[in-house]
Amino acid sequence: MAEFTGKVQMTREGNAYIVLDAGDEANGSFNEDIFVRAAKMRGALNGDTVKVIVRKSHDKDKSRRGRARKPQRVEGEVTEIVERSRRPFIGVLQIAGGKAWVLMESRVMPYDISVSLDNVRKSGARQGEKVAVRIVRWDRRDPEPVGEIVDVLGLPGENDTEMHAILAEYELPYRFTKEVEAAADEIPDDLNEKEFSKRRDFRDTLTFTIDPSDAKDFDDALSVCKKGKLWEIGVHIADVTHYVRRGSIVDKEALKRGTSVYLVDRTVPMLPEMLSNKLCSLRPGEEKLCFSVVFTISESGEIKSRWIGRTVIKSDYRFDYDAAQNVIEGKIPQVPSEYDLRESDPLYGELKEAILASWSIAGKLREARFRAGAISFERPEMKVIVDEKGRPVDVRQKISKEANWLIEEFMLLANRSVAEAVAKIKKTFVYRVHEEPVREKLDSLRTFVKNFGYKLGPTENGKEIARSLNKLFKASSGKPESDVIELLALRCMARAHYTTDNCGHYGLAFDYYTHFTSPIRRYPDMMVHRLLEKYMDGGRSQNKKHYEDLCEYCSQREQVATDAERASIKYKLVEFMKDKEGFEYDGFISGLTDWGMYVEIEPTKIEGMVALRDIAGDYYEFDEKNYRIVGKSTRRTFTLGDKVRIRVRRASLEQKLLDFDLIMLEDDGAKSGRR
């Protein structure tokens, strides 16, 4: 009987899906998730790596009545726990009758965890506090899992407690050790003429930054200078690796973290504040060391020349995105912010010309990118607004305007140019790659959009896919179904990641791409800076396996950070909806599963679930083949994109879940009798 290896994804009921490791040769071409009932788990818990054998497979035979049976899921049982997950579970400590437990409030942990009173005393945890607990064992003689408290988080419901709980759940630090802080404090600034003489000097060239108004670390700046009929535009990036030496205590900590983490109400930086907000931050009026890519470029966006090297700059002005946008639109605010350009500023004319010129060129670069096959996703991105105590007060759409595009296009250009330069010399390098979409998912998208009268064009190669998707997005723009079409198209996309084996970046339509422009917050960018410096100095190609291992690790850290960020957003969205239980909202169906339909409500795009068992008037089932929900008796159907009205039933902060009730109205738009 075949045996497979995978990771446990547990449900609230104790059942689990074993997600197979595609990279494990022992799994062969078998790539389906294996369902395991709670009684067959052998003590395995969420996140554990296990071996599993398949007991039941798909049954495509016909029933006695001649109808095709609903395909059975692949079922199996766990035979061995290969490795326990090190990730802790979060719960509330309860002490009673001389025993102690951590009561679980997780969607993926259905069992409370026993802890020893000795462990409780050593941890300093008190009754009713939220703690992080790691599994030690769960033998057959144990009535429940046995664990140890590894962190005390505070009282449930307090903002710091809940944010620290998310960080602890994903094993993310929320402070630096004293040793790391001290090491960072001891790094000299090296701002002296001896160091400057080794670099190209841009201190007298007009330079500015454009960042969010609440940004504290500025790791990129643009210099703009007219050169006859051409423009010299420099993309200047903080020279982090000049200060953070390979193998130092600060470098080891940065690698361990892999990336900065952005929760709703706070940033968990990759580097200590001395580096991220001071030494390496390109603040106006201060001399700073940079690694730069400088372009000579025509007004039509044609690159005439490119130079890469180390520089020294002195930023003249700090814009936020709104202030730069005001310059682009020619607006003069009645009440200027601290970042708005004023006519009284000595550099007013030069800065205005520089912003307008760089914006115009960025527009040409953007047009060329989309002509080459870049995909234009315009699905709205929402932001949770919190007060000074971290409480959510609003949910608003992030608006991306020309000022955002200006910076984005030049960062993309610099990243692409660095990758192209190293690719030419054929040495080991860190690439940011994005494979083409999964064809099977594109076929599902093609079937789905037919329901709305759209036709997905040819998808035989990458450029055809991009052209067909962009055409589909344009045709559906402004229509009710636009959001769900983009959502499904996004789900067709592969995940971008780091590797030494270049295959291009599909979404951006680049043959070569890397991450060079954010070394303050991403470790791969530091790797790129170091490799680039070595190769510019004539160094030999570096060990490919070593860097591939680092790429894989950094891709994993990026995913962990993304999951934590999403968890914080989900928590704050549920918190925002807590006082709205019983309220009614319009929305559309954004997802369908065996157990429910997911609904995004307007205008906040907050998503909750309507359980199929709770829909009144019929017994509803998921028709996976046609991707719809169907009433067994009435044949009433619901499909993706359908407009519905819901009532908020429950907002569970403990499980970060929103439960909705479907309000059944005669004219609610659900289809009746369609087969």
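Considering the Cα trace of the range 290-412, what is its radius of gyration and what is Dmax, both in angstroms?
17.4, 51
Give me the net charge for the shell around Lys216: Cβ to Cβ below 13 angstrom, other residues only, Lys and Arg +1, Asp and Glu -1.
That sum, taken over residues with Cβ under 13 Å, equals -1.
Could you state the angle between the C-alpha long axis of helix 439-450 and the longest principal axis of the C-alpha atoms of the chain, as a value from 0 to 90 degrees rounded to the nearest 10?
Roughly 80 degrees, rounded to the nearest 10.
Tell me the carbon and sulfur percent of the accessible area for the chain, rounded to whole percent, probe radius 1.4 Å.
Of the solvent-accessible surface of the chain, carbon and sulfur hold 47 percent.
Subtracting the Cα-Cα distance from 0.36 nm times the residue separation, let me have the gained length for Glu144 to Glu158 in nm, one decimal.
Between Glu144 and Glu158, full extension yields 2.2 nm more.
How would Arg200, Arg55, Arg140 rank on accessible area, largest to smallest, probe 1.4 Å?
These residues rank, largest area first, as Arg140, Arg55, Arg200.
On a 0 to 90 degree scale, rounded to 10, what angle separates helix 544-577 from the longest Cα axis of the chain?
For helix 544-577, the angle is close to 70 degrees.
So if the hydrodynamic radius of the range 278-341 is defined as the Kirkwood radius over C-alpha pairs, what does Stokes-Einstein give as its diffusion coefficient at 10 °C and 1.306 mPa s, in µm² per second?
110 µm²/s
Restricting to Cα pairs below 8 Å that are 6+ residues apart, what does the relative contact order work out to for the range 251-337? Please round to a whole percent.
Across the range 251-337, relative contact order equals 19 percent.
For the range 365-508, just run the numbers: alpha carbon Rg, then divide by 2.2 N^0.38 Å, N being how many residues it has.
1.23
So for the pair Arg12, Lys471, with labels modelled 7 Å out along Cα→Cβ, what separation do we get in nm?
4.5 nm
On C-alpha positions alone, give me the angle between the axis of helix 402-425 and the longest principal axis of the chain, in degrees, nearest 10.
That helix lies at roughly 80 degrees to the long axis.
What length, rounded to one decimal in nm, is gained on full extension from Arg396 through to Arg37, with 0.36 nm per residue of separation minus their alpha-carbon distance?
125.1 nm
Net charge within 13 Å of Asp239 by Cβ-Cβ distance, Lys/Arg positive one each and Asp/Glu negative one each, not counting Asp239 itself?
So the environment of Asp239 carries a net charge of -1.
If you find the alpha carbon centre of the range 410-477 and of the range 628-644, how far apart are they in angstrom?
Measuring centre to centre over Cα atoms gives 32 Å.
I'd like the projected area of the range 524-579, averaged over all directions, using the convex hull of its alpha carbons. Report it in nm² with one decimal.
4.5 nm²
What FRET efficiency comes out for Phe583 versus Asp201 if R0 is 56 angstrom and r is the Cβ-Cβ distance? Round to the nearest 0.05.
E(calc), rounded to 0.05, equals 0.40.
For a quick check of understanding: with a 1.4 angstrom probe and all protein chains in place, what accessible area in square angstrom does Ser476 have, to the nearest ten?
Rounded to the nearest 10, that gives 0 Å².
With a 1.4 Å probe and all protein chains in place, put Glu253, Glu193 in order of accessible area, largest first.
Reading off the accessible areas and sorting them downward yields Glu193, Glu253.
Let me know the Kirkwood hydrodynamic radius for the range 538-675, please, with Cα pairs as the basis and the value in Å to one decimal.
17.3 Å
What ranking of Glu436, Glu402 comes out by heavy-atom accessible area, probe 1.4 Å, highest first?
Ranked from most to least accessible, the order is Glu436, Glu402.
Under 14 Å from the Cβ of Val268, count the other residues' Cβ atoms, weight Lys and Arg +1, Asp and Glu -1, and hand me the total.
With Lys, Arg at +1 and Asp, Glu at -1, the net is -2.
Which FRET efficiency value, to the nearest 0.05, is calculated for Asp618 and Asp118 with the Förster distance at 60 angstrom and r the Cβ-Cβ distance?
Efficiency, from the Cβ-Cβ distance: 0.60.
Before rounding to the nearest 500, sum -39500 (n - 2.57) across all DSSP H runs of length at least 4 in the chain and divide by the residue total; then give [θ] at 222 nm in deg cm²/dmol.
-9000 deg cm²/dmol
With r defined as the distance between the Cβ atoms of Arg566 and Ser248 and R0 fixed at 41 Å, what FRET efficiency is calculated, to the nearest 0.05?
Working from the Cβ atoms, E equals 0.80.
Please report, to one decimal in angstroms, the Kirkwood hydrodynamic radius of the chain built from all distinct Cα-Cα pairs.
28.2 Å
Find how much the distance from Ala423 to Ala611 grows on full extension, using 0.36 nm per residue of separation minus their present alpha carbon separation; answer in nm with one decimal.
62.5 nm
Kindly report, to the nearest 10 Å², the accessible surface of Ser337 as traced by a 1.4 Å probe over protein heavy atoms only.
Approximately 40 Å² for this residue.
Mind grabbing the accessible area of Ser417 for me, 1.4 Å probe, Å², rounded to tens?
Number for this one is 0 Å².
Under a 1.4 Å probe, what is the accessible area of the chain per residue, stated in Å²?
50 Å²
Could you pull out every one of the lysines with an alpha carbon less than 18 Å from that of Lys427, ignoring same-chain neighbours closer than 8 positions?
Counting by Cα, and skipping residues close in sequence, Lys427 has these lysines nearby: Lys534, Lys544, Lys545.
The values are calculated or read from the model by the stated rules, or taken from the named source; none is laboratory data. On a predicted model such as this, the values are computed, not experimentally measured, just so you know. Methodologically, a virtual Cβ is constructed for each residue, glycine included, from the backbone with ideal geometry; neighbour enumeration extends over all protein chains shown. Areas reflect the complete protein model, heavy atoms only, side chains present, ligands, DNA and RNA absent. Shrake-Rupley method; radii C 1.70, N 1.55, O 1.52, S 1.80 Å.
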